[in-house]
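The values are calculated or read from the model by the stated rules, or taken from the named source; none is laboratory data. These numbers were taken from a predicted model, which means no experiment stands behind them. For neighbour counting, all protein chains shown are included, and Cβ atoms are generated from backbone atoms with ideal geometry for every residue, glycine included. Heads up: the accessible areas ignore ligands, DNA and RNA and are worked out on the full protein's heavy atoms, side chains in. Shrake-Rupley method; radii C 1.70, N 1.55, O 1.52, S 1.80 Å.
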Amino acid sequence: MGGRLSWGRRLGCVAAASLAALVHMAPDASAHPPRAAAAVSCAGSNAISFSPGLSLAARRTRIGGSGAYSCLSTDPALRSGTSSIGGGGWNGCFFSDATTAEWITWNTGEQTKVVYHLGNVQQVAGQAVVLVVGRVVKGKFKGRTVASPGLQATLDPLKCASKGGVEQITGPSTLVIV
């Protein structure tokens, strides 16, 4: 390999570095008293749409989508969740400055609203490596920090240069509530 990283290893390095940087910037948990609610770690997938589609130059877009997660929690009753995602801001194939909200409904019937203000979108081999960090603003886990890294595949990365742009990205995602 002569010092070159494979696409998969580069992707892992970018995702790990992005997660480390954003979690480091998250508010210091030691400044708050311990909480009784359980922390949650979920794996699943998201489908995110952009209107208008993502192009080479960033432009104002609306964001919508959905997610489905299988979860591990110290709360044995909480095993899964589905979500609805919405928001908007300035987005392009190589830049994102948007605020989005995710409304999660857990298998227990409880709900959580997360607002993501801090995001990092890296393009690796034409695919979006997404890491967003936010805070639970309503419902179960209110006040906790949330990180959601994932790899959303741009089905046709050449669409970034087309008039309509990339209208949807899909792929695996995680949801970590600390």
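I need every pair where a residue in segment 95-106 that is of a type outside the set (V, I, T) has its Cβ under 8 Å from the Cβ of a residue that is modelled with pLDDT of 90 or more and not in a strand (DSSP E or B), sequence separation at least 6 or different chains.
W106/L78; W106/K140
With the requirement that a residue be open to solvent by less than 70 Å² (accessible area, probe 1.4 Å), at pLDDT below 90 and not in a loop (DSSP other than H, G, I, E, B), what does segment 85-96 give you?
N91, G92, S96 - these are the residues of segment 85-96 that are open to solvent by less than 70 Å² (accessible area, probe 1.4 Å), at pLDDT below 90 and not in a loop (DSSP other than H, G, I, E, B).
Residues in segment 27-43: is at least one of a type outside the set (D, E), open to solvent by 20 Å² or more (accessible area, probe 1.4 Å), in a strand (DSSP E or B) and at pLDDT 90 or above?
Yes, because at least one residue in segment 27-43 is of a type outside the set (D, E), open to solvent by 20 Å² or more (accessible area, probe 1.4 Å), in a strand (DSSP E or B) and at pLDDT 90 or above.
Please state which one of T99, T112, T108, T82 is within 15 Å of V40 (Cα to Cα), open to solvent by 40 Å² or more (accessible area, probe 1.4 Å), assigned to a strand (DSSP E or B) and modelled with pLDDT of 85 or more.
Only one candidate passes the filter, namely T82.
Residues to consider are L131, L118; find the one that is in contact with a strand residue (DSSP E or B) (Cβ under 8 Å, 6 or more places away or on another chain), modelled with pLDDT under 95 and surrounded by fewer than 19 Cβ atoms within 10 Å (Cβ to Cβ).
None of the other options fit; the residue is L118.
Please work out which residue is most open to solvent (accessible area, probe 1.4 Å), limiting yourself to segment 69-79 and to residues that are closer than 15 Å to Q111 by Cβ and either acidic (D, E) or part of a strand (DSSP E or B) (or both).
Result: D75.
Any residue in segment 44-64 that is under 20 Å from T108 (Cβ atoms) and either polar (S, T, N, Q) or open to solvent by 30 Å² or more (accessible area, probe 1.4 Å) (or both)?
Checked segment 44-64: no residue is under 20 Å from T108 (Cβ atoms) and either polar (S, T, N, Q) or open to solvent by 30 Å² or more (accessible area, probe 1.4 Å) (or both).
Scan segment 166-178 and report the pairs whose first residue is surrounded by 18 or more Cβ atoms within 10 Å (Cβ to Cβ) and whose second residue is aromatic (F, W, Y) and at pLDDT 85 or above, with Cβ atoms within less than 7 Å and a gap of 6+ or a chain change.
If the second residue must be aromatic (F, W, Y) and at pLDDT 85 or above, the pairs left are V166/F50; L175/Y69; I177/F141.
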